[in-house]
Every structure is written in structure tokens, then in C-alpha cells.
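Colleague: Could you have a look at this structure, given as C-alpha cells, before my questions?
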Amino acid sequence: MKAFDSTQLYFNRAADQIDLTENMRRLLLIPKREVQVQVAIERDNGEIATFVGYRVQHDDARGPMKGGLRYHPDVDMDEVRSLAALMTWKTAVVDLPYGGAKGGLAIDPAQFSTRELELITRRFVDGIHDVIGPDMDIPAPDMGTNAEVMAWFMNQYAKYHGYSPACVTGKPVEMHGLPGREEATGRGVGILTYKMLTRMGRKPAQTRVAIQGFGNVGSHTAKFLHEAGFRLVAVSDYSGGYYRPEGLDVPAVLRYALDHKGTLAGYTGAQQISNSELLGLDVDVLIPAALGGVITHANAESVRAKIIIEAANAPVYPDADDILAARGVMILPDILANAGGVTASYFEWVQNRQHYRWDINRVRQELEHVMTRAFERVWELSVERKVSLRTAAYIVGIGRVGQATVLGGIS
Ligand code: NAD
């Protein structure tokens with residue numbers, strides 16, 4: 001199944017619940033604009049390398065479009081299109097005044113020098129600067145990109161349009177960024193994991209957790225859950241999984257990653273397992289926080305966790321979703337679980353426009369407020385309508401986008 005088909009399927013399940021008309025479905029599903037540009041650079045060895053850069057702007061009924069920029073070898077137009085649609089429903093679920101977009105390049109950042117990555121980013125901005133901007137479409141970090149990439153992005157955009165820090169979020173704190181933006185997605189995942197388990201009458205100390213992916217989202221989720229008293233028994237990254245049934249020494253794992261350029265390769269404080277073994281561990285909560293499509297019909301039966309928190313985008317495909325639902329596994333969907341990042345991005349954008357700064361305590365407080373409000377709404381709707389949390393989240397998102405579309409006038 002293609003990534004976009006999967007997002008569409010989840011959309012249609014929720015649309016059926018609210019009897020959305022065919023016309024409205026088409027209107028909400030077809031992206032507003034898709035851009036594909038050539039990105040060419042001279043590599044450090046003198047070779048000319050050429051890539052394709054994508055930006056999909058899905059919907060702007062509720063405000064400027066917002067979505068990350070991904071550097072990963074699997075990036076293609078279908079994936080970007082699917083992630084752009086997810087952003088539309090995500091910004092609506094947490095009720096931010098935004099639409100949805102996404103962009104990316106099919107590159108492995110580890111294969112390029114810092115200078116080459118800077119050139120790639122600048123040439124990408126050259127290709128799309130006319131269709132993005134603080135009131136139109138605001139990129140942010142995603143897999144393979146970070147605050148440094150956002151700083152280059154802002155600087156290149158300014159060459160065309162002048163000083164506009166709000167053209168991109170997730171910037172370094174020293175360069176119009178927001179204290180707390182980097183941790184926000186993982187922190188949001190942690191906050192909602194805690195809320196959900198409390199709702200289910202479970203205690204952190206009796207809850208075993210495994211996290212796939214130890215980048216920005218996975219590592220901050222691990223830190224938050226450890227501090228909240230959960231028993232983290234396994235983590236992983238591209239190098240494989242690290243498992244300690246009695247509980248990992250989380251501060252030591254975090255320190256190891258920090259000292260080894262973000263990777264866990266070579267960590268000896270736990271038993272080494274594969275990424276697929278991690279997904280099948282006997283834990284209470286499984287948190288996929290790396291790639292999409294990691295739980296499919298092929299491995300859904302082997303998942304033993306009773307709760308899945310989708311920290312990554314689209315980690316569970318619909319065929320697996322059905323198998324897991326039939327077994328009573330509760331899934332907190334991506335469009336709610338990982339919305340902390342875009343929420344903090346919204347705070348950064350607001351502050352850039354007001355030329356005003358909050359301190360980290362206020363950022364954390366506001367983040368918790370927005371995430372909790374969204375979670376309570378989705379949880380109540382799922383109980384009321386007897387639907388999954390995913391369908392409830394989509395109903396909230398689609399309802400808000402549909403309402404704005406109708407209020408704005410279609411003809
Ligand atoms: P990142 O690049 O910082 O980290 C990705 C992690 O995944 C790394 O630890 C990497 O080693 C690991 N990984 C890569 N390939 C893997 C594989 N085959 N198996 C297991 N692990 C693998 O990315 P991130 O920003 O943490 O994003 C992770 C996920 O969260 C993505 O799906 C992204 O779309 C989603 N997300 C990120 C944000 C954000 O603010 N960064 C916001 C919302 C959603």
C-alpha cells in the first residue's frame with residue numbers, strides 16, 4: 001500500500017462516520033499545490049550532484065500551511081503528499097490556525113559534508129522561495145534535518161524577501177528559535193502517554209516501555225518518560241535495538257548518544273537485539289519514533305504491547321491497524337501523539353511575528369495545555385461514538401477543516 005492510500009483510508013473511515021459528502025471528500029483530499037524542483041550542487045570532490053526537492057501544500061482553509069522538511073533516502077512525492085495531508089489533520093486536531101504541508105529530498109544526510117548539506121538546503125530554497133513564507137507555508141525540521149538546516153533555510157529566504165524569521169520554525173534558539181522547540185515533540189508524546197495511561201488506570205512504575213528510534217523525538221520521549229517514572233526497557237536506532245528487561249540506565253543511554261554523534265552504535269549497557277525484535281518485545285507500551293510503515297500486516301501479529309503511541313508519522317499501516325484493533329490494542333494516533341512539535345513551532349512563529357520571547361517554563365506550560373485539551377476532546381469523542389482514537393482524531397480534524405472550508409465559501 002502506498003503512503004498516501006493509507007492516509008486516505010483513515011480519512012475515509014472517519015468521513016463515513018460523519019456522512020461527509022463525496023464532493024467534500026474530494027475537496028479535502030486533493031492537495032492544493034505540489035512542487036518538484038531540481039537541486040544541483042558541486043560536491044566537495046568537484047562532482048555535480050543533482051537531486052529532486054519536493055514540497056506539497058495540502059490545505060490552507062484554516063491558515064498558512066505548516067509542515068516539516070525531511071532528508072531521507074525513502075522520500076518521494078507519494079510519501080510527501082501523505083505527510084502533507086497528515087499535517088492538515090494534525091494542526092486541526094490540536095486547533096492551531098494552520099493548514100498542512102510537507103517537503104523533502106531523497107538524500108541520506110550522513111553521506112554529505114556540512115558544506116554540501118548547506119548548499120543543498122540553499123538550492124532547495126532557491127527553487128521554492130516564491131511559494132513559501134510566513135503567511136503562506138512555513139517549513140520546520142523533520143527526519144534528517146535540524147535547527148542548523150533551518151538557520152540556513154531562513155538565511156537563504158532572507159536573500160529574496162528580507163528579514164523574515166517567521167518563514168521557518170525549529171531554528172536555533174540563538175537565531176530566533178524557541179527554547180523548548182527541540183524537545184517539544186518528544187515531550188508532547190510523553191505528556192500524552194502519561195495522560196492515556198492514567199485514563200486507563202495504569203501506574204508509570206508498573207509500565208514497561210520500548211521506543212524505536214533515538215533521534216530528536218525518541219530521545220526526548222525517553223527522557224520525559226524516565227523522569228515521569230516509567231520503566232524503559234528497550235530503545236533502538238538505525239544500528240539496532242538495545243534491551244535490558246530490568247530497565248535501561250536512561251541517563252547513560254542519553255549521554256552515550258550525545259557523545260557519539262547521536263548514535264547508539266557500540267552501546268554495551270544492554271543486550272543487542274534487532275529493530276524487528278524490539279517491535280515484538282513483551283512490553284506494555286510500544287512507541288515507534290523512527291520511520292513510517294514499520295508495523296504492517298506482516299508483523300502486526302507479533303506485536304505484544306497493548307498500547308501503541310505513534311510518535312513517528314504513519315508507523316502503523318491500515319491493514320495492521322485492523323489486526324491490532326481486533327486484538328484490543330489501543331493506538332494513540334500520530335496526528336495527535338506527535339503534535340507537540342508543530343504546537344511549539346506555532347509558539348515560535350507567534351513570537352517571531354511579535355518580536356517577543358517566552359521562557360521555557362511558559363513554553364512547557366502552554367504545550368501541556370494545548371496537548372491535554374486536544375487529547376481530552378479526542379478521548380471523549382472516541383467513547384461517545386465508540387470508535388478508535390484514530391477515527392475520533394480524524395473526525396475532529398476533518399470536522400474543523402470542513403467547517404473552515406464551508407465558512408470561507410467554496411464558489
Ligand atoms: P531524527 O532524524 O532525529 O531521528 C530518527 C531516528 O530514527 C534516529 O535515531 C535513526 O537512527 C532512527 N532510524 C533511522 N532508520 C531507522 C530504522 N530503519 N530502524 C530504526 N531506527 C531507525 O528524526 P525525528 O525528528 O526524531 O523524527 C522521527 C519521526 O517522528 C519521523 O517519523 C518524523 O516524521 C516524526 N516527527 C518528528 C517531529 C519533530 O519535531 N522532529 C515532529 C512530528 C513527527
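Colleague: Under a 5 Å amide H to amide H cut-off, with H placed in plane at 1.01 Å, what residues pair with G68 once short-range neighbours are removed?
Modeller: G103, A140
Colleague: Something else about it: Hey, can you find the accessible area per residue of the chain for me, probe 1.4 Å, expressed in square angstrom? List each step's numbers first, then the result.
Modeller: Details: 16690 Å² over 411 residues.
Roughly 41 Å² per residue, with all protein chains present.
Colleague: To the nearest 500 deg cm²/dmol, what mean residue ellipticity at 222 nm is calculated for the chain from DSSP H runs of n ≥ 4 alone, each contributing -39,500 (n - 2.57), summed and divided by the residues? Intermediate results must be reported in sequence, preceding the final value.
Modeller: Numbers: 14 runs with 190 residues, N = 411.
So the helix-based figure for the chain works out to -15000 deg cm²/dmol.
Colleague: What is region 341-411 by shape, rounded, prolate or oblate, if you read a ≥ b ≥ c off the alpha carbon gyration tensor as root eigenvalues and call it rounded for a/c under 1.5, prolate for a/b larger than b/c, and oblate otherwise? Mind showing how you got there, number by number?
Modeller: Working: a/c = 3.87, a/b = 1.40, b/c = 2.76.
Oblate, since a/c reaches 1.5 and b/c is not below a/b.
Colleague: Using a 1.4 Å probe over the heavy atoms of the protein chains, calculate the carbon and sulfur portion of the accessible area of the chain as a whole percent.
Modeller: On the way: 8270 of 16690 Å².
Solvent-exposed carbon and sulfur of the chain make up 50 percent of the total.
Colleague: A follow-up question, please. Which order, highest average first, do 122-133, 398-409 follow once you tally other Cβ atoms within 10 Å for each residue and take the mean per peptide? It would help to have the intermediate numbers written out before the result.
Modeller: On the way: 122-133: 18.8, 398-409: 15.4.
Taking the mean over residues of other Cβ atoms within 10 Å, the ranking is 122-133, 398-409.
Colleague: On the Cα set of region 28-165, report Rg and Dmax in Å, please.
Modeller: Every Cα atom of region 28-165 included, Rg and Dmax give 14.5, 48 Å.
Colleague: Let me ask you something else. With θ set to phi - 60° and the Karplus curve 6.51 cos²θ - 1.76 cosθ + 1.60, what are the ³J(HN,Hα) couplings of region 256-272 in order, to the nearest whole Hz, using x for Gly and Pro?
Modeller: 4, 4, 4, 7, 10, 6, x, 9, 9, 3, x, 5, 10, x, 7, 6, 7
Colleague: Do you know the relative contact order of region 182-332, to the nearest whole percent, from alpha carbon pairs under 8 angstrom that are 6+ apart? Don't skip to the end; give the middle numbers.
Modeller: Working: 295 pairs, mean separation 32.4, N = 151.
The value is 21 percent.
Colleague: Just order 14-24, 91-101 by mean Cβ neighbour count inside 10 Å, highest at the front, would you?
Modeller: Working: 14-24: 14.3, 91-101: 25.6.
Final packing ranking: 91-101, 14-24.
Colleague: May I ask you to compute the full-extension gain from L407 to E384, defined as 0.36 nm times their residue separation minus their alpha-carbon distance, rounded to one decimal in nm?
Modeller: Working: separation 23, 0.36 × 23 = 8.28 nm, distance 2.64 nm.
This chain segment gains 5.6 nm when fully extended.
Colleague: Ok, one more. Within the P(r) computed for the chain, what percentage of the Cα pairs occupies the region above 28 Å?
Modeller: So the portion of pairs separated by more than 28 Å is 45 percent.
Colleague: Give a residue-ordered list of calculated ³J(HN,Hα) values for region 57-68 (Karplus: 6.51 cos²θ - 1.76 cosθ + 1.60, θ = phi - 60°; whole Hz; x for Gly, Pro).
Modeller: Computed from phi, the couplings for region 57-68 are 10, 7, 7, 10, 4, 9, x, x, 7, 9, x, x Hz.
Colleague: Moving to a separate point now. For R304, which sequence-distant residues (separation of 5 or more, or a different chain) have an amide H within less than 5 Å of its own amide H, given hydrogens modelled in the peptide plane?
Modeller: Close amide H contacts, sequence-distant or interchain: L281, V283.
Colleague: If you don't mind, there's one more thing I want to ask. Express the relative contact order of the chain as a whole percentage, based on alpha carbon pairs under 8 Å and six or more residues apart in sequence.
Modeller: Numbers: 836 pairs, mean separation 68.8, N = 411.
Relative contact order for the chain comes out at 17 percent.
Colleague: Going by average Cβ density within 10 Å per residue, which order do the peptides 172-185, 217-230 take, highest to lowest? Present the calculation step by step, with values, prior to reporting the outcome.
Modeller: Working: 172-185: 20.4, 217-230: 22.5.
Most protected by this proxy first, the peptides run 217-230, 172-185.
The values are calculated or read from the model by the stated rules, or taken from the named source; none is laboratory data. It should be emphasised that the depicted structure is a prediction, and the values quoted were computed from it without experimental measurement. Counting neighbours? That spans all protein chains shown, and the Cβs are built from the backbone with ideal geometry, glycine included. Heavy atoms of the whole protein, side chains included, go into the accessibility calculation; ligands, DNA and RNA do not. Shrake-Rupley method; radii C 1.70, N 1.55, O 1.52, S 1.80 Å.
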